[in-house]
Every structure is written in structure tokens, then in C-alpha cells.
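> Pasting in a structure now, in C-alpha cells, and then I'll have a few things to ask.
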Amino acid sequence: MGNPFVEGRVLSPPSTILVIFGASGDLTGRKLVPGCYNLFKDGYLPESFSIVGVSRTPLSDEAFREKLKDGVTKYSRSGIDEEWWKQFSSRIFYQPLDATKEADFIALRERLQRIGGDTIPNYLYYLAVSPSLFGEIAGKLKGADLIETPGGVRETRLIVEKPFGYDLETAQNLASSLYQSAKEEQLYRIDHYLGKETVQNILVFRFANGLFEPIWNRKYVDHIQISVAEDIGVENRGDYFDKAGIVRDFVQNHVFQMLSLLCIEPPNSLSDAEGIRNEKVKVLKSIKRLTPGLVQKHIVRAQYGKGLIKGLDVPAYRDEKGVAKDSTTETYIAMSLEIDNWRWSGVPIFLRVGKRLSKRISEISVHFKQAPLSLFRGRQVESLEQNVLRIQVQPKEGISLRVNSKPPGPRMRVEPVEMDFSYHSSFGIASPEAYERLLLDAMRGEATLFTRQDEIEEAWKILEPVFDSFEELPLYFYEAGSWGPKEAAELLKPYGVRWARL
Amino acid sequence: MKEALDKLASIEGQESWVLPTRNVIGFGSEEEVFDALISVRPIRFIKVSEGAELSYSVVERCHKIGTEVICSEYVTIIGPWHKVSLSVRALLFPGKKTWGITLDKNITGGFFDEIAPLCDTLIFDSELTKDVPAGAVIDLNWMRLAPIREELRYLTDMAISHDKNSKIIGVKVYDSAPSSWLMAGWICNKLKVEPESGKKVANGVSVKSKEFTLDLVESNDTRILLEFKGKDAKIGQLTVGEGLITLEYSHEARKRVYLKRSRKELCLEYDAFGAPTGSYNESVKLGREILEYAS
Ligand SMILES: NC(=O)c1ccc[n+]([C@@H]2O[C@H](COP(=O)([O-])OP(=O)(O)OC[C@H]3O[C@@H](n4cnc5c(N)ncnc54)[C@H](OP(=O)(O)O)[C@@H]3O)[C@@H](O)[C@H]2O)c1
């Protein structure tokens, strides 16, 4: 019998040891450990929770803790508190390990057993290392009996970071290398966009308000825009990025994930991870495939030149460290898509994603069809604005709805006003960092917000014809700090639409 | 620069921070107008001007209205126009409409090339300049002329109540303001006449179309004469002076208060942030045609 009291309980995860591969790396210091610290402070972590960091760099537990303390001080959303840090850091350990050496994994196993003591904690492995090591690490973990079959004495799960392949074939290869040691249900592919409160709120917003779901379809929606803008360039990832480009780095994962959540059919239940993921895959499958001939009409790709960001001159992409001088990698993409199903057929969906744009902002906007003007004929009302639902994911999480309203005064005028909801002002608490939510979910074995392999593969399938035609597509240039190439505006013209102001 | 951006972030992070209702980009030295704008509702105000080096500053300006405190962010950006423009883009509050306000005589140059394209609507004053910037504009002068337009309607009502067949066949606009052409354009637009010929006359210009003449005369007083054709030809006159509009038709005279509104007052009116109207654009077009006959 299942626990009859389980429903509605905020599940504190079972006791867990989080093993972080890539412990000396950037992600660990900047996101993972600060995230865990906040979870610990907010009382979400189980009593017996520890972190074991592993990487090749030789470090003592003490030295590792000191290093992490800097990261927490700098990146924790709540800052750092000495007393809390003392309690938290006593649960952090470091184990030197080279992913290519079997003996190191045996040593890791012994260390984990010692830390676990009399208890049998679950093991959650976070692979914050290059994907080329994923298969190897999983294999060696398995070899050292550190991965168990699901439902055994302890749960063992692996969290993996993007990139999930370079194209369909490499994504499949990556998965098969992992499948040799772990089952799909043990794999948690993280997409931090899905950990954002607003993204999770899409489902609640749609399905908990009688107002929106009835109009969430082709009859009422004019078009949809998804924009992901960053003001940073490639930072110190020039090497990686130059091989990948923005489509692989952002569209294939974050953007398609947001799109599929936005457009899914109602699942059976919001607590059924497989149900939700099945529906998401269906959306991706319904996206009309671009044939190579059509790509030209639907896609604008571009690269940033030099310009100005936050008042500072910044170099052109081709002058960034690690980037080829004649690189034709895109740092910006604008595309139009259509979901060819009963709900969405005929509704254009516009995506634009870029680096070194005017500011950092990610936003989804649903533009509803216009009301007829006829009522206002003869009044000084010459146009009505569309109702727009805007879901801002970054940097501030919030939702706003634009409605037309009459400004005070004797005359009949119409002015658009925003009905705003921001997390900050409505709930008075800062939204937790995306990684916090996702780490907690993975400890609980809650997979809804993680990406399944078939979603990854569908996303690559959509993009295949795009990559195939890349050579023939013109590469435009835009100034860093601008909103991208002017050709992106042209893409929308045939639809009588403009990009939303961000 | 970094300090300014941190300051903005800290303002946005405050518990009590209210989302700005609109973005306004100001250019020129009308501090009084800008101050008034940020005191009535929370806006993100960005004042731009040209300079050799790029620099930003941010202050929070709060005003108490009744029991409510309204705070706006007042950002100043000085620098080469193109750099200013890139910086402004990053600071516009997303999803909100953006207005530009320039009360400068010169409507060409950096502001118009670099900043105006970022604005949904541009507020300017054609009293200061004969040129009208391209795109969607709100002309404060147009708003200023609104009471005169209203009274001209009234004067015509009077004529029609005397003789329902009366028809306007001649108009004389006497004005010292450089913007009388706009009034003349509006009259032509409303009468649905398109000037077919025209010539320069002493102190002005005279245009004609079938059975209609309009004279635009530079003068020290502001007066509009309407010449009606009907059972017996009549003249209606509208005079503006000392804060009053006076209407005369036949032997009736009527006085009305003319609200001489300052730029500040005009900017605070709702219409200043409304949508541009089609009749304004038509009036500009016809007004310009009339002016062309003068040169
Ligand atoms: N940073 C981000 O914001 C971010 C965002 C999204 C995805 N990712 C992905 O997350 C992964 C990690 O990113 P990162 O930025 O943290 O990378 P990073 O700073 O380069 O860290 C890589 C880590 O891997 C360890 N490592 C390398 N070879 C190893 C080996 N043979 N055995 C054991 N450990 C080894 C390194 O430690 P030693 O040299 O000490 O062994 C280091 O701790 C990458 O796949 C990246 O694409 C990162």
C-alpha cells in the first residue's frame, strides 16, 4: 500500500549524498553550491544530506570549503551567514578523482560509504563536466557498483548538463553511452530555464485560470513570440561556442522547452511527469518541418560586430578569444515556425535569440487577435492595440497582460494599460534560483522539469534541415548592443507583425 | 557607469518599487516639463544629450501627491549620439510604450537619427519649428490650437443657424505665430479643398481652388475671417487676444476664455500621450502645400 498521507505533503527529499563531478569548475562554485546552501537555509534539505565534490585537482576538504565559501558569498541570492555556513559546510567533502581511472572510483565508493555511515543514502551524481566524459564516468560508476538498478536499496540518479549532443546522431550516441550504465529514468537532463518560476507558472497560469485556456488556440491567438536576449558575449567559452552556435546552444534546448510547455495540450495531471513529457513531445512532433527551400524564408542568422554594452566598447565576435577570425558561426537567430495541430495550425510562432543584444531579457509573449474597431468608428480612435500576455522569465520573473482602457476625461479615447504581476511585489519573496528547484526535484525523483531523450531527439530533428541549409543562408551582421540585424524585422513583415519591445 | 546601473538595479530591487507605466526619453532643456512629467505617475525617464564622453547617472525622484508617493527613475545619459542610443535601448523598461519628447527648435541631427526611431511616439512642438519629424508624432501646437479649432466650429454653427445653405468660400488667417500654416492646413482639410493654384502676396500667401480662396497673412494680431456665401454674404470673425477668443458673426459677438496653456500643461494632458490622429497628418500635408506657394 502506498502511504495514504502522502498527498499534499511537501516532500523533503530522502537522505542523499550529492556527488558533484567537476567540483573545481565554474558551475559548481557559481550555481550548484550556492543553490544547495539556500536550500539548506530554507530547510528544504533532509537531515542527512552531504555534498562530495570530485575532480582531479588535489584539494583537502578544508581547502574545498574555503573555495566554495567565496562562491557562496558572491553568488548566493541571500548572501552568506557565518552561522549557517558553518553548519552547512561541515557537510561538504572533497575527493580527488580522475574520471579515467577506475581505482579512483573504488576510492570514491569507500569514501561515500564512510560518509553515509550506518544509513543508506541515495546517491545523486551531478556531472558538471564536459559531455565527452559522461559515458566514461557513468561506466566507471557502474563498474564500481555505484549505480544500482532503480527500485533497489538506494536510488542512484545522474544529472547531466547540456549540450546534449551536437546533432541528432551525436545526441543518440551520447544517450547510448549513458544507457550502457543507467536507465533513462535515472537520467536527469537539466535545463535551467525549466527551473524558473515563471516557466513553471505557465502551466498553472493556463490550467488554473478559467479565463485563459478557452482562448489558448488558433481562434483567438494571433501569434506568439519567444525572445531570449543576452547582453554578454561568449565570455571564456569562445572555443565551445564557435563550434556550436546559438541554435545549438539555446534554441535546441531552452527555447524549444519553453515553447513546448507553452503550447501543450492539458496533461492528465500536473503531477504526472511522464504525462507532461508525453504532451511536450507531441508539440515538438507537430512543428512543421522546414524543407531546405523554405529555410531562407523562415530564418535570419547573424553574428555580432563590435559595439557598446553597458557603456563599454566590446569587440566583434570574430575578435573574441577562442573564435576563428573568419568564423561564420551565428550568435543570433530569428525564425518563424508553426505548430501544425488542431489547436495551433496557422498561428505563427516567432523566435529570436541572440548574444550581445541590448540587454539581458527572456520573454514569451502571446498576442491575441484584435477586437473589431467598428464600435469606435467616428471617435478619435484609429487603432486598437492587441491584448498581449507577456511572461517574463528573466531577469525579473513576472506576468503582465495588456488591455485597452479609457483614460479619464470627457473624451472617448483608448489607451493600452498593463496589468502587471511580479513575483517580487506579489509574493514579497525572491524566487528561488532555478538550480535550487531542479536539484531538489532530482533528489525527490521528480522528473517533470527534466528533459527526456525523445524530446532531445525531436528538437534535433526539427533543426536538421536548418543545419543542412546553413551554408546557403546569408550571415548578417549586427552591432553589439543593438537589437540584432534589421533583416529580422523583415522576417515578420509578411505577417504584419513587429517584434515586441524588450 | 557601473555605479549608475547598480543604482538602477537597487531602485528596482526595493520592496516598494512600482513598475514604471511608460518610458519617456527627453531631449532639450525643458527641466520644468520633465519634472512635471515624472511627478504625476511613475515613469522611467531618460534624459539624453550629446557630449564627447559617454556618462550615465541615475537618481530616484519621488513626489508626494495627496497621501501617495510617486517615484520615477531619472536617468541621464550624455555622450556621442550613437553610443547614447545603444545605451538607451538597454534601459527602456520592457513592454511599456516609449515616448520621446523634444522641445528643441532643431529637429534634425543626432536625436532624430538615433533616438527618435526607438520611440513609439514623438512629442514635439511645431510652434518652435516649421518642420515636422517623420513617423508618429504628437504636436503640442496642435493641442494648443484645439480651442481655436473648437471655436471655429462654433462660428460655422452660427452661420448655418442663420442660413442653412451658407457655405464658406473664403478664409483669411492673420497670425504672427510661425505655425498658422498648420491651422490653414486643418481648415482646408475640414473643408475638403485642395489648393489648385496659389501665389505669394504682400506678407503672405494666397491659394485658390474652385470657388474658394484662402489667405495666410503675417500680422501682429491673431484673427481668422470666414467668408460665407448664402442668401446674403456674411463674414464671421474669430479673434484671439488677451487670453480670450472673441467670435463675431453678423451683429452677434460672443467672448470665450482662451486657455493659453503652457508647454508644461500641454505635456501633462492625456492627449500628449495619446495616439497621433490622421487629421493632423492631413493638415500638415495641406499646410505645407500652402506654404510652398509662398516660396
Ligand atoms: N558554467 C555554466 O554556466 C554552464 C552552463 C550550462 C552548462 N554547462 C556545462 O556544464 C559542464 C561543466 O561546466 P563548467 O563551466 O563548470 O566547466 P569547467 O569550469 O571547465 O569545469 C570542468 C570541470 O571538470 C573537471 N574535469 C575535467 N576533466 C576531468 C577528469 N578527467 N576527471 C575528473 N574531472 C575532470 C575539472 O576539474 P579538474 O581540472 O580539477 O579535474 C573541472 O572541475 C560543461 O559540460 C558545460 O557545458 C555549464
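> Looking at the structure I just gave you, is B:Leu140 farther than 30 Å from B:Gln237 by Cβ, hydrophobic (A, V, I, L, M, F, W, C) and out of contact with any Pro (no Cβ under 6 Å at 6 or more places or on another chain)?
Working: farther than 30 Å from B:Gln237 by Cβ: no; hydrophobic (A, V, I, L, M, F, W, C): yes; out of contact with any Pro (no Cβ under 6 Å at 6 or more places or on another chain): yes.
Taking the combined requirement at face value, the residue does not satisfy it.
> Another question, if that's okay. Give all pairs with beta carbons closer than 7 Å in which a residue from the stretch A:397-411 that is under 15 Å from A:Gln370 (Cβ atoms) and more than 10 Å from chain B (Cβ to nearest Cβ) meets a residue that is modelled with pLDDT under 80 and in a loop (DSSP other than H, G, I, E, B); count only pairs at least 6 apart in sequence or on separate chains.
Correct list of pairs: A:Asn404/A:Leu384; A:Asn404/A:Val414.
> Spot the failing condition for B:Phe27; the list is (1) surrounded by 16 or more Cβ atoms within 10 Å (Cβ to Cβ); (2) within 14 Å of another protein chain (Cβ to nearest Cβ), and only one is missed.
With (1) surrounded by 16 or more Cβ atoms within 10 Å (Cβ to Cβ); (2) within 14 Å of another protein chain (Cβ to nearest Cβ) applied to B:Phe27, the lone miss is (2).
> Of the numbered conditions (1) closer than 20 Å to A:Phe134 by Cβ; (2) outside any loop (DSSP other than H, G, I, E, B); (3) without any contact (Cβ under 8 Å) to a residue 60 or more places away in the chain, A:Glu83 satisfies every one except a single condition; which is it?
(1)
> Somewhere in the stretch A:213-225, is a residue part of a helix (DSSP H, G or I), more than 27 Å from A:Asp340 (Cβ to Cβ) and touching a helix residue (DSSP H, G or I) at 6+ places or on another chain (Cβ under 8 Å)?
no
> Does the stretch A:39-66 hold any residues that are in a loop (DSSP other than H, G, I, E, B) and within 16 Å of the ligand (Cβ to nearest atom), and which are they?
Within the stretch A:39-66, A:Arg56, A:Thr57, A:Pro58, A:Leu59, A:Ser60 meet the criteria.
> (1) more than 12 Å from chain B (Cβ to nearest Cβ); (2) out of contact with any Gly (no Cβ under 6 Å at 6 or more places or on another chain); (3) at pLDDT 95 or above: which one isn't true of A:Thr329, the others all being true?
The single condition A:Thr329 does not satisfy is (2).
> What are the residues in the stretch B:218-240 that are within 17 Å of B:Pro147 (Cβ to Cβ) and aliphatic (A, V, I, L, M), if any?
The answer is B:Ile224, B:Leu226, B:Leu238, B:Val240.
> State whether one or more residues within the stretch A:148-159 are outside any loop (DSSP other than H, G, I, E, B), free of Cβ contacts under 8 Å to residues at least 60 places away in the same chain and in contact with a Gly (Cβ under 9 Å, 6 or more places away or on another chain).
no
> B:Ile11 - would you say it is among the hydrophobic types (A, V, I, L, M, F, W, C), surrounded by fewer than 18 Cβ atoms within 10 Å (Cβ to Cβ), in contact (Cβ under 8 Å) with a residue 12 or more places away in the chain and within 14 Å of chain A (Cβ to nearest Cβ)?
On the way: among the hydrophobic types (A, V, I, L, M, F, W, C): yes; surrounded by fewer than 18 Cβ atoms within 10 Å (Cβ to Cβ): yes; in contact (Cβ under 8 Å) with a residue 12 or more places away in the chain: yes; within 14 Å of chain A (Cβ to nearest Cβ): yes.
Spelling it out, B:Ile11 is indeed among the hydrophobic types (A, V, I, L, M, F, W, C), surrounded by fewer than 18 Cβ atoms within 10 Å (Cβ to Cβ), in contact (Cβ under 8 Å) with a residue 12 or more places away in the chain and within 14 Å of chain A (Cβ to nearest Cβ).
> When you go through A:Phe5, A:Phe49 one by one, which is the residue that is at pLDDT below 95 and either in contact with a helix residue (DSSP H, G or I) (Cβ under 9 Å, 6 or more places away or on another chain) or of a type outside the set (Phe, Trp, Tyr) (or both)?
The match here is A:Phe49.
> Kindly indicate which of A:Glu472, A:Glu433, A:Glu458, A:Glu464 is out of contact with any strand residue (DSSP E or B) (no Cβ under 9 Å at 6 or more places or on another chain), within 30 Å of A:Arg157 (Cα to Cα), away from every other protein chain (no Cβ under 14 Å) and touching a residue at least 60 places away in the same chain (Cβ under 8 Å).
Among A:Glu472, A:Glu433, A:Glu458, A:Glu464, only A:Glu433 is out of contact with any strand residue (DSSP E or B) (no Cβ under 9 Å at 6 or more places or on another chain), within 30 Å of A:Arg157 (Cα to Cα), away from every other protein chain (no Cβ under 14 Å) and touching a residue at least 60 places away in the same chain (Cβ under 8 Å).
> In the set A:Ile299, A:Ile276, A:Ile264, A:Ile309, which member is surrounded by 15 or more Cβ atoms within 10 Å (Cβ to Cβ), within 14 Å of another protein chain (Cβ to nearest Cβ) and at pLDDT 90 or above?
Numbers: A:Ile299 fails: within 14 Å of another protein chain (Cβ to nearest Cβ); A:Ile276 fails: within 14 Å of another protein chain (Cβ to nearest Cβ); A:Ile264 fails: within 14 Å of another protein chain (Cβ to nearest Cβ).
On inspection, the qualifying residue turns out to be A:Ile309.
> Quickly run through the stretch A:182-221 and pick out the residues that are among the polar types (S, T, N, Q) and either within 14 Å of chain B (Cβ to nearest Cβ) or within 16 Å of the ligand (Cβ to nearest atom) (or both).
Answer for the stretch A:182-221, where residues must be among the polar types (S, T, N, Q) and either within 14 Å of chain B (Cβ to nearest Cβ) or within 16 Å of the ligand (Cβ to nearest atom) (or both): just A:Thr198.
> Please find, within the stretch A:10-38, the residue that is farthest from the ligand (Cβ to nearest atom) out of those that are among the β-branched types (Val, Ile, Thr) and outside any loop (DSSP other than H, G, I, E, B).
If we take residues in the stretch A:10-38 being among the β-branched types (Val, Ile, Thr) and outside any loop (DSSP other than H, G, I, E, B), then A:Thr16 is farthest from the ligand (Cβ to nearest atom).
> Report the residue count in the stretch A:126-165 for those that are under 30 Å from A:Phe256 (Cα atoms), within 16 Å of the ligand (Cβ to nearest atom) and surrounded by fewer than 16 Cβ atoms within 10 Å (Cβ to Cβ).
4
> Given (1) more than 16 Å from the ligand (Cβ to nearest atom); (2) assigned to a loop (DSSP other than H, G, I, E, B); (3) modelled with pLDDT of 95 or more, where does A:Lys69 come up short, assuming only one miss?
For A:Lys69, the failing item is (2).
> Looking at the structure I just gave you, is A:Phe88 surrounded by 15 or more Cβ atoms within 10 Å (Cβ to Cβ), within 30 Å of the chain's Cα centre (by Cα), part of a strand (DSSP E or B) and hydrophobic (A, V, I, L, M, F, W, C)?
no
> In the stretch A:109-124, is there at least one residue being within 14 Å of the ligand (Cβ to nearest atom), of a type in the set (A, V, I, L, M) and not assigned by TED's automatic domain parsing to the domain that holds A:Val247?
No.
The values are calculated or read from the model by the stated rules, or taken from the named source; none is laboratory data. Note that the coordinates shown come from a computational prediction; the quantities given were computed from them, not determined experimentally. Glycine gets a Cβ as well: all are built from the backbone with ideal geometry, and neighbour counts include every protein chain shown.
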